[in-house]
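Q: Take a look at this one; I'll ask things after.
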Amino acid sequence: MRTTVLAGGVGGAKLVWGLAQVLAPEELTILGNTGDDLTHLGLTICPDLDTVMYTLAGMADPDSGWGVKGDSFGAMESVARYRGSTWFRLGDQDLGTHLARTELLAAGLTLTQVTAHLCHALGVRQRLLPMADQPAPTLVDTAEGVLSFQEWFVRRRWQPAVRKVILPLPRPAASSQVLEALDMADLILIAPSNPLVSVAPILNVSSVREALESRQRMVVAVSPIIGGRAVKGPAAKMMAQLGMEVSPLGVARWYGAGLLSGLVLDQADESLTPAIEALGIAALPASTWMRTDSDRIGLASCILDWVGSMRPDLNQKGAR
Ligand code: FO1
């Protein structure tokens, strides 16, 4: 089943890894959020793209989910000695990725081309596409003013209360590769990433929301909220601050029946199934907490089986 996944950072990468174990590489394309990108120490850093890339390459740090497993921080110690900027911690191997990316961008390659080059070098066979080639930074309007996403997320540790997430206008242009990945997909999957700051920036890219709303293919989201809490990150806190119900029902309402054909929610929230279905969105309670590799593969298989049962015409090919 040709699957295109809209993914943010760690939660998205875990599901993508599971899908990569059950789909053939050519069946899986990932549209990665670049709203979190930053220029730091003179380098172009794409945290969400790198998290997906390192995870697929089997290189991601297993504890944090981002950065490179076993990385050292010698360069950061050196920067600290000069009283340089160390609030965004870059491991030495990770730094190499940003150096190579920055050099290739300066040579005139697009971010799509650079990402393909980095993935190829790490042996990643799935297609990882940045949501846009031009910078499209997400800003966070807080009680203490407007902050860049990483200033709010890392430097301020999600502390200033969020009043609004500000996405770029005019909307960033989609690359031809992104449009093709949406057009060719049998299934568009929205990973259990933060809807407000990981998925919304991708939907804000020109033509992406429209492609999902065109109803030409199945669009299924996985709720990042389980039992009123986010598995990781500030999604629950942000949803509450923005007046949303912190539950899979809140997630379903936020995406809306115009966008979603289905929502996968955790078994712990099974009682919300009828309310979600009353919105006109099919609901599947499943085991969505991805602690182990087998959880990730189990969730990926379960989603593909469910979609296959709703749309038997979508032939499930691939490695299973
Ligand atoms: N997250 C942190 O909480 N602190 C950091 O210093 C930090 C550095 C970092 C470096 C490279 C990278 O790819 C990710 C990094 N992250 C860090 C994670 C990142 O801020 C988040 O994963 C995403 O932007 C949110 O999806």
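The values are calculated or read from the model by the stated rules, or taken from the named source; none is laboratory data. Please read all numbers here as calculations on a predicted model, not as lab measurements. Methodologically, a virtual Cβ is constructed for each residue, glycine included, from the backbone with ideal geometry; neighbour enumeration extends over all protein chains shown. SASA here: full protein model, heavy atoms, side chains in, ligands and nucleic acids out. Shrake-Rupley method; radii C 1.70, N 1.55, O 1.52, S 1.80 Å.
Q: Considering each residue of segment 192-239, count those that are polar (S, T, N, Q) and free of Cβ contacts under 8 Å to residues at least 40 places away in the same chain, and give that number.
A: Number of matching residues: 4.
Q: Quick one: is D94 within 12 Å of the ligand (Cβ to nearest atom) and within 27 Å of A300 (Cα to Cα)?
A: Judged against the criteria, D94 is not a match.
Q: If you check D94, D141, which single one turns out to be touching a residue at least 40 places away in the same chain (Cβ under 8 Å) and of a type in the set (D, E)?
A: On inspection, the qualifying residue turns out to be D94.
Q: Which of the numbered conditions does R89 fail, given that it passes all the others? Conditions: (1) under 23 Å from V10 (Cβ atoms); (2) more than 12 Å from the ligand (Cβ to nearest atom).
A: (2)
Q: So in segment 47-66, with the set limited to residues that are out of contact with any Lys or Arg (no Cβ under 8 Å at 6 or more places or on another chain) and in a loop (DSSP other than H, G, I, E, B), which one is nearest to the ligand (Cβ to nearest atom)?
A: W66
Q: If we only count strands (runs of 3 or more DSSP E) wholly inside segment 157-242, which ones have 3 or more residues that are modelled with pLDDT under 95 and open to solvent by 50 Å² or more (accessible area, probe 1.4 Å)?
A: none
Q: Another question, if that's okay. Can you confirm whether T44 is open to solvent by 10 Å² or more (accessible area, probe 1.4 Å) and outside any loop (DSSP other than H, G, I, E, B)?
A: yes
Q: Would you tally the residues in segment 137-153 being in a helix (DSSP H, G or I) and under 10 Å from K164 (Cα atoms)? Talk me through it step by step, then tell me what you get.
A: Going residue by residue through segment 137-153, those that are in a helix (DSSP H, G or I) are 149-153.
From what's left, under 10 Å from K164 (Cα atoms): none.
Of the residues in segment 137-153, 0 are in a helix (DSSP H, G or I) and under 10 Å from K164 (Cα atoms).
Q: So is T29 open to solvent by 20 Å² or more (accessible area, probe 1.4 Å), touching a Ser or Thr at 6+ places or on another chain (Cβ under 9 Å) and polar (S, T, N, Q) or not?
A: Values: open to solvent by 20 Å² or more (accessible area, probe 1.4 Å): no; touching a Ser or Thr at 6+ places or on another chain (Cβ under 9 Å): yes; polar (S, T, N, Q): yes.
In short, no.
Q: Would you check which residues across segment 60-79 are open to solvent by less than 50 Å² (accessible area, probe 1.4 Å), farther than 24 Å from V199 by Cβ and not acidic (D, E) and list them?
A: Within segment 60-79, V68, G74, A75, M76, S78, V79 qualify.
Q: Among the residues of segment 1-10, count how many are of a type outside the set (V, I, T), modelled with pLDDT of 95 or more and either buried (at least 24 other Cβ atoms within 10 Å of the Cβ) or assigned to a helix (DSSP H, G or I) (or both).
A: So the count comes out to 3.
Q: Evaluate segment 262-270: report whether one residue or more is at pLDDT 95 or above, over 17 Å from the mean Cα position of the chain (by Cα), open to solvent by less than 10 Å² (accessible area, probe 1.4 Å) and over 21 Å from G9 (Cβ atoms).
A: Yes - at least one qualifying residue is present in segment 262-270.
Q: Of all residues in segment 67-100, which are closer than 24 Å to A116 by Cα and either in contact with a Cys (Cβ under 8 Å, 6 or more places away or on another chain) or of a type in the set (S, T, N, Q) (or both)?
A: Of everything in segment 67-100, those that are closer than 24 Å to A116 by Cα and either in contact with a Cys (Cβ under 8 Å, 6 or more places away or on another chain) or of a type in the set (S, T, N, Q) (or both) turn out to be Q93, T97.
Q: Identify, please: which residue in segment 80-117 is within 21 Å of A173 (Cα to Cα) and small (G, A, S) and is, among those, most open to solvent (accessible area, probe 1.4 Å)?
A: Taking the candidates together, the pick is A106.
Q: Next question. So is A132 in contact (Cβ under 8 Å) with a residue 24 or more places away in the chain, surrounded by 14 or more Cβ atoms within 10 Å (Cβ to Cβ) and within 21 Å of V10 (Cα to Cα) or not?
A: It is true that A132 is in contact (Cβ under 8 Å) with a residue 24 or more places away in the chain, surrounded by 14 or more Cβ atoms within 10 Å (Cβ to Cβ) and within 21 Å of V10 (Cα to Cα).
Q: Can you find, within segment 277-312, the residue that is most open to solvent (accessible area, probe 1.4 Å) among those that are under 23 Å from G256 (Cα atoms) and of a type in the set (S, T, N, Q)?
A: S309
Q: To continue, here is another question. Is one or more of the residues making up segment 34-45 within 12 Å of the ligand (Cβ to nearest atom) and touching an Asp or Glu at 6+ places or on another chain (Cβ under 6 Å)?
A: Yes.
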